[in-house]
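The values are calculated or read from the model by the stated rules, or taken from the named source; none is laboratory data. Every value quoted in this text rests on a predicted model; they were computed, and no experiment measured them. Note that each Cβ is placed from the backbone with ideal geometry, even for glycine, and that neighbours are counted across all protein chains shown. Accessible surface areas use protein heavy atoms only, side chains included; no ligands, DNA or RNA. Shrake-Rupley method; radii C 1.70, N 1.55, O 1.52, S 1.80 Å.
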Amino acid sequence: MSSVADMSYDSSRAVPAPRRSAQWRKVLVAYSFIAPNFIGFTIFTLGPILFSFALAFLHWDGSNPITFAGLDNFWRLFSDPSFIAALWNTILYTVLSVPLTLVCALALAILLNQKIPGRNFLRTAMFFPYVASLVAVAVVWNMLFNPEMGPVNMVLYTLGVDPRHLPRWAADKNWAMITVVLFGAWKSVGYYMVIYLAGLQSINRDLYEAASIDGAGAWQKFRFVTVPQLAPTTLFITVMLTIQSFKVFDQIYLLTQGGPGTSTLVLVYHIYNQAFLSWDLGYSSMVALVLFLIVLAVTLIQFRFTRRAAL
């Protein structure tokens, strides 16, 4: 009986201690490699995000004691003309920049996917603005679009545009947003062109050959082969561009500082003004929370709309 009991105990016994020890060592080694990044993310990213969400319901100027605000910061949004202007300008920037960048990236990808002279050089040239220093690019852009002596206005004047009707670009409230949109599209179009190039090169060439046999022309191939095959790529780029557009800050800061007036004031720049110029940290956190919810809602709507279109 004891032997039977011993056999049953041996068969149900766990992994031997030396083997368990070796497995635990492997696990600890694996976690030791990711621990620095995880700890840094927790301290410098996740922690501040959670604190910002809590701060949205508080009053704090960074020096005086924190007090509970409830929904005061939220109701204040609707009576703040700067927030209303920033929200409208952010939506306007997104509506203008996303389609423009998307179309330009796809057109460049299709062009540079062909066997044309200097294709590799052109690909590099199109991608260069994305990796170039943003500050240096903004300085050059301001020089090019200088309303008084910029080359762009000189070209327009040479083409016969009346000097009184030459656009003042970033110095004019009617042209400032267009200037920022053009700058943003030019800066990022190369990156999304590369993504589209990868998508184009993954399309099965047999589909184009079958379309040619059926008598399809270039437009029919693009409409019924290229566009459907690139649908996942287009969804990814659209979502990324939308999030990037709602978070736009750097080109606004470098080109216009939200002006003239509030013509290019966007939500992230408004958050910057409230947090680091006015030191109204509770209110700025509420604006950041609203921005987060808007981006989340728009992203979910995009996913749902695209899923229904695919079905």
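Can you find a residue that is under 30 Å from ILE203 (Cβ atoms), of a type in the set (A, V, I, L, M) and assigned to a loop (DSSP other than H, G, I, E, B) anywhere in region 119-138?
No - not one qualifying residue is present in region 119-138.
Against the conditions (1) open to solvent by less than 70 Å² (accessible area, probe 1.4 Å); (2) under 27 Å from GLN302 (Cβ atoms); (3) within 22 Å of the chain's Cα centre (by Cα), where does ALA132 fall short? Just the number, please.
(2)
Checking the condition free of Cβ contacts under 8 Å to residues at least 60 places away in the same chain, in a helix (DSSP H, G or I), open to solvent by less than 50 Å² (accessible area, probe 1.4 Å) and of a type outside the set (Lys, Arg), which residue from THR233, THR226, THR238 passes?
THR233
Table: residues versus (1) modelled with pLDDT of 90 or more; (2) surrounded by 13 or more Cβ atoms within 10 Å (Cβ to Cβ); (3) within 32 Å of the chain's Cα centre (by Cα).
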site: ALA136; (1), (2), (3): no, no, yes
site: TRP141; (1), (2), (3): no, yes, yes
site: PRO147; (1), (2), (3): no, yes, yes
site: GLY150; (1), (2), (3): no, yes, yes
site: VAL161; (1), (2), (3): no, yes, no
site: ARG164; (1), (2), (3): no, no, no
site: PRO167; (1), (2), (3): no, yes, yes
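Examine region 199-209 for a residue that is over 30 Å from ASN89 (Cα atoms), open to solvent by less than 70 Å² (accessible area, probe 1.4 Å) and outside any helix (DSSP H, G or I), and state whether such a residue exists.
Yes, region 199-209 contains at least one residue that is over 30 Å from ASN89 (Cα atoms), open to solvent by less than 70 Å² (accessible area, probe 1.4 Å) and outside any helix (DSSP H, G or I).
Consider region 158-194. How many of its residues are of a type in the set (Asp, Glu) and without any contact (Cβ under 8 Å) to a residue 60 or more places away in the chain?
Residues flagged as of a type in the set (Asp, Glu) and without any contact (Cβ under 8 Å) to a residue 60 or more places away in the chain within region 158-194 amount to 1.
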